[in-house]
Amino acid sequence: MTEEKKRQLLIRWLEGEEQDYDSQTGLLKKAFSSPGYHTKLRGGSVHQTRENMMYASALFDSGTPSYIERGKKIALKIAALQDKEEASPTYGIWSWFYEEPLEEMDPPDWNWADFLGKEFLFIVMRHGELFSEEEQEILEDTIRRACQAIRKRDVEPDYTNISVMGTYVTCIAGEYYRDEEILCYGKERLRKIHGFNMAYHNFAEYNSPTYTVTAAEDLARFYRDIRWAE
């Protein structure tokens, strides 16, 4: 498939999403859904933080000026929703929904540092030059806070999808921002999860249809983005 064909398919998908764009908030708004935990919400329509960051990535990749401008606004709006209080137990993470602050979740989901951290990294690495210097600083601070949350939690390698995802975020952020401390953490964690999974000859969550795909996607991101030769 040619790049132009891919772009046409992307534009078609974005046009389909237009019906869910909420001009009042500047975010996509979808019918509520959840796996039944972490949130006290039970219905209605919501603005999902993760899905809006994925939407923003697609907007940037469209190459269409109006879509790019919308993508910038969404990325900055979601960045503003991150917990920035260093003394807070949820420092560096996000809530699932615009409608439900972190303190109202049951309980907050620390995975969102990983899930949203990688989306911010993707946008910065591919489209960072489209933001002003001030906006680039905001995005860098956002990614660094996510890295701090990931390091603080420091999940074990048997939590396959998040151990891979958090390792990706810290390795790539460390490389991109030339932060040796973050990069060293990411490298050590990569060695650890590699040794663990090779010992078992499979992912610990090998029988999970969702987590195995997520882990494979993030390993593909590693293959695409890592610059560390070893």
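Could you list, in sequence order, all residues of region 177-223 that are open to solvent by 100 Å² or more (accessible area, probe 1.4 Å), modelled with pLDDT of 95 or more and more than 17 Å from Tyr159 (Cβ to Cβ)?
Passing the criteria: Arg178, Glu180, Glu181.
Among the numbered criteria (1) over 20 Å from Thr170 (Cβ atoms); (2) open to solvent by less than 20 Å² (accessible area, probe 1.4 Å), which single criterion is violated by Ile93?
(1)
Mind counting the residues in region 65-85 that are open to solvent by less than 70 Å² (accessible area, probe 1.4 Å) and assigned to a loop (DSSP other than H, G, I, E, B)?
If we filter region 65-85 for residues that are open to solvent by less than 70 Å² (accessible area, probe 1.4 Å), which is where we start, we get 67-68, 70-72, 74-83.
Then keep just the ones that are assigned to a loop (DSSP other than H, G, I, E, B); that gives 81-83.
Here the count works out to 3.
From Ser88, Ser57, Ser62, Ser23, which residue is within 26 Å of Ile138 (Cβ to Cβ), of a type in the set (Ser, Thr, Tyr), over 20 Å from the mean Cα position of the chain (by Cα) and surrounded by 11 or more Cβ atoms within 10 Å (Cβ to Cβ)? Before the answer, list the steps.
Details: Ser57 fails: over 20 Å from the mean Cα position of the chain (by Cα); Ser62 fails: over 20 Å from the mean Cα position of the chain (by Cα); Ser23 fails: surrounded by 11 or more Cβ atoms within 10 Å (Cβ to Cβ).
Going through Ser88, Ser57, Ser62, Ser23 in turn, the sole match is Ser88.
Any residue at all in region 137-153 that's of a type in the set (Lys, Arg), touching a Ser or Thr at 6+ places or on another chain (Cβ under 8 Å) and either open to solvent by less than 20 Å² (accessible area, probe 1.4 Å) or farther than 24 Å from Pro209 by Cα (or both)?
First pass over region 137-153, keeping only residues of a type in the set (Lys, Arg): 144-145, 151-153.
Next, only the ones that are touching a Ser or Thr at 6+ places or on another chain (Cβ under 8 Å) stay: 151.
Filter once more, keeping what is either open to solvent by less than 20 Å² (accessible area, probe 1.4 Å) or farther than 24 Å from Pro209 by Cα (or both): 151.
Yes, region 137-153 has at least one match.
Any chance you could count how many residues in region 12-32 are small (Gly, Ala, Ser) and either under 19 Å from Pro101 (Cβ atoms) or in a strand (DSSP E or B) (or both)? Please lay out each step first, then the result.
Initially, region 12-32 is screened for residues small (Gly, Ala, Ser), giving 16, 23, 26, 31.
Imposing the further condition that a residue be either under 19 Å from Pro101 (Cβ atoms) or in a strand (DSSP E or B) (or both) reduces the set to 26, 31.
Going through region 12-32 one residue at a time, the tally reaches 2.
Which residues, counting only those in region 95-112, are out of contact with any helix residue (DSSP H, G or I) (no Cβ under 8 Å at 6 or more places or on another chain) and in a helix (DSSP H, G or I)? Before you say what the answer is, go through the steps one by one.
At the first step, the residues of region 95-112 found to be out of contact with any helix residue (DSSP H, G or I) (no Cβ under 8 Å at 6 or more places or on another chain) are 99-107, 109.
Matches in region 95-112: Leu102, Glu103, Glu104.
Tell me whether region 37-50 contains one or more residues that are buried (at least 18 other Cβ atoms within 10 Å of the Cβ), in a loop (DSSP other than H, G, I, E, B) and touching a residue at least 60 places away in the same chain (Cβ under 8 Å).
Yes, region 37-50 contains at least one residue that is buried (at least 18 other Cβ atoms within 10 Å of the Cβ), in a loop (DSSP other than H, G, I, E, B) and touching a residue at least 60 places away in the same chain (Cβ under 8 Å).
Assess whether Leu9 counts as being surrounded by 14 or more Cβ atoms within 10 Å (Cβ to Cβ) and outside any loop (DSSP other than H, G, I, E, B). Break it down stepwise before answering.
On the way: surrounded by 14 or more Cβ atoms within 10 Å (Cβ to Cβ): no; outside any loop (DSSP other than H, G, I, E, B): yes.
In short, no.
The values are calculated or read from the model by the stated rules, or taken from the named source; none is laboratory data. Note that the coordinates shown come from a computational prediction; the quantities given were computed from them, not determined experimentally. Cβ coordinates were reconstructed from backbone atoms using ideal geometry, including for glycine residues, and neighbour counts include every protein chain displayed. What goes into the accessible areas is simple: the full protein's heavy atoms, side chains included, and nothing from ligands, DNA or RNA. Shrake-Rupley method; radii C 1.70, N 1.55, O 1.52, S 1.80 Å.
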